[in-house]
Amino acid sequence: MQFIRKILDAKMAAGQPAISFEFFPPKTEEGDRNLLERQIPALLATRPDFCSVTYGAGGSTREKTLMIVDRVQREHRLPALAHLTCVNHTRDEIRVLLDKFRALGCQNILALRGDPPGGGAFQVTPNGFEYSAQLVKFIREHGDFSIGTAGFPEGHVACQAGKHADWQHLKEKVDAGADFVLTQLFFDNADYFEFRDYLTSKLGVQVPLIPGIIPILSAGQITKFTQLSGAKIPAALQTSLDKLVNNDEAAAEFGIEYATRQCEELLRAGVPGLHFYTLNKARSTVQVLKNLKLA
Ligand SMILES: Cc1cc2nc3c(=O)[nH]c(=O)nc-3n(C[C@H](O)[C@H](O)[C@H](O)COP(=O)(O)OP(=O)(O)OC[C@H]3O[C@@H](n4cnc5c(N)ncnc54)[C@H](O)[C@@H]3O)c2cc1C
């Protein structure tokens, strides 16, 4: 399978944005079937450039990350980016996992610190990693992978020192060997533009900074996500969502419109790609891409 850094280079040379989709491993067998047999085929019909699969805090969904990556690569011939986190992993375990990835032909890894199980503060595993920059460096030293990392246009929620300190830590991840950045979801493009300008002009970061887009599916769900991620909902968006609290269908239609407008502006500003948080549901993301004439 192709390295994502090469895919991004080729798209940039062609003057086109790279389109990618994020999935999470379902908790049930029915969820697996829905994702693998319905949602993924519907999404992949739009011909994205790669997809990514999240990595949970523990238990059986961690195995499923690899299973989904493997199936997407084998059955759809699409490069998949496996997320990998520091949570509850020693360095030896990560080394074994990297061997597994390699054996499956998975050459692309999104290196993350990860969210602690059940919330709360991150705990370092003995003989593990404290920050994802250390994981990036470790992966770089243990094989030929294309490595992505997470970026936060509004600053990471736990960074007490503020967003500029967090962006400095992002530079450390790039310096440790990350080839590209996928951002946290955001709703105000001004946050992404400030983030991009600071990283490129002030810190000299040159890797692609790919914005993360979530088409809103319901007012309640997006409130929960933004509370967890620390992303803010601009006042005008909140006012619109307040009117859609009991109407998920209308909220999803609104979400398609909002994401379309957001992506149009980002594309005009020359972003290297668009990474969609699909929530394992094809309809809204497919419609946004159709609106953008990118499907
Ligand atoms: C695109 C994307 C995909 C994601 N996928 C997953 C997933 O699959 N599974 C999952 O569990 N979570 C996932 N997350 C969430 C992510 O793991 C959390 O937001 C996590 O809290 C931060 O991860 P990180 O890799 O950015 O951490 P780090 O880069 O380690 O940063 C964590 C915090 O430490 C600070 N920091 C970094 N280096 C230093 C230093 N040297 N000194 C002091 N402070 C420092 C940073 O500013 C930040 O506040 C994803 C996030 C994004 C944006």
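Every number in this text was worked out from the coordinates using simple rules, so none of it is lab data. Remember, it's a predicted structure, so these values are computed and weren't measured experimentally. Note that we place each Cβ from the backbone using ideal geometry, even for glycine, and neighbour counts take in every protein chain shown.
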Cross-link pairs Lys6/Lys224; Lys202/Lys232; Lys64/Lys243; Lys6/Lys100; Lys6/Lys64; Lys171/Lys243 - those with Cα-Cα distance over 30 Å | Lys6/Lys224; Lys64/Lys243; Lys171/Lys243
Rounded to whole Hz, the Karplus (6.51, -1.76, 1.60) HN-Hα couplings of region 265-271, x for glycine and proline = 5, 5, 5, 4, 8, x, 5
For region 86-94, just list the computed ³J(HN,Hα) in residue order, Karplus coefficients 6.51, -1.76 and 1.60, θ = phi - 60°, integers in Hz, with x standing in for Gly and Pro.
-> 7, 4, 6, 10, 8, 4, 5, 5, 5
Relative to the Cα centre, what is the charge dipole magnitude of the chain, using +1 at the beta carbon of each Lys and Arg, -1 at the beta carbon of each Asp and Glu, and rounding to the nearest 20 debye?
-> 480 debye
Taking amide hydrogens as modeled 1.01 Å from N in the peptide plane, which residues meet the under 5 Å criterion relative to Gly273, leaving out close sequence neighbours?
-> Ala18
Vicinal HN-Hα couplings computed from phi for region 53-70 (Karplus, 6.51 cos²θ - 1.76 cosθ + 1.60; Hz; Gly/Pro x) | 10, 6, 10, x, 6, x, x, 6, 5, 5, 5, 5, 4, 5, 4, 5, 4, 4
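Multiply the residue gap between Gln206 and Ala45 by 0.36 nm, knock off their C-alpha separation, and tell me the result in nm, one decimal place. Display every interim value, and only then the final one.
Values: separation 161, 0.36 × 161 = 57.96 nm, distance 3.14 nm.
Taking 0.36 nm per residue and subtracting the Cα distance, the gain is 54.8 nm.
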Top positive-direction residue, dipole computed over region 34-136 with Cβ charges, set His83, Thr46, Tyr131 = Thr46
Taking the Cα centre of region 233-284 as the origin and placing charges on Cβ (Lys, Arg +1; Asp, Glu -1), which of Ala250, Leu267, Leu237 is farthest toward the positive end of the dipole?
-> Leu267
Alpha-carbon centroid distance for the pair region 219-295 / region 46-73, whole angstrom = 22 Å
Percent relative contact order of the chain, based on C-alpha pairs within less than 8 angstrom and at least six residues apart?
-> 20 percent
Quick one: which residues, 5 or more positions from Leu110 or on another chain, have an amide H under 5 Å from its amide H? H modelled 1.01 Å from N in the peptide plane, none for Pro or chain starts.
-> Ala82, His83, Leu84, Gly148
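Give me the mean projected area, in nm² to one decimal, of the convex hull enclosing the Cα positions of the chain. Don't jump to the answer; show the numbers that get you there.
Values: hull surface 58.3 nm².
If you wrap the Cα atoms of the chain in a convex hull and average its projections, you get 14.6 nm².
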Placed amide H near Phe21: partners under 5 Å, 5+ positions off or other chain | Phe50, Cys51, Ser52, Phe276
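Kindly rank 29-37, 79-87, 252-260 from highest to lowest mean number of other beta carbons found within 10 Å of each residue.
On the way: 29-37: 13.9, 79-87: 24.0, 252-260: 19.7.
The most tightly packed comes first, giving 79-87, 252-260, 29-37.
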Give the Cα extents of region 202-295 along the principal axes, in whole Å, largest first.
-> 45, 30, 24
Chain lengthening between Gln2 and Phe193 when straightened (0.36 nm per residue, less Cα-Cα) | 65.8 nm
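Quick check for me: using +1 on Lys/Arg Cβ and -1 on Asp/Glu Cβ, what's the dipole size of region 219-259 about its Cα centre, in debye to the nearest 20?
On the way: 3 positive and 5 negative charges, 52 e Å.
Dipole of region 219-259, to the nearest 20 debye: 240 debye.
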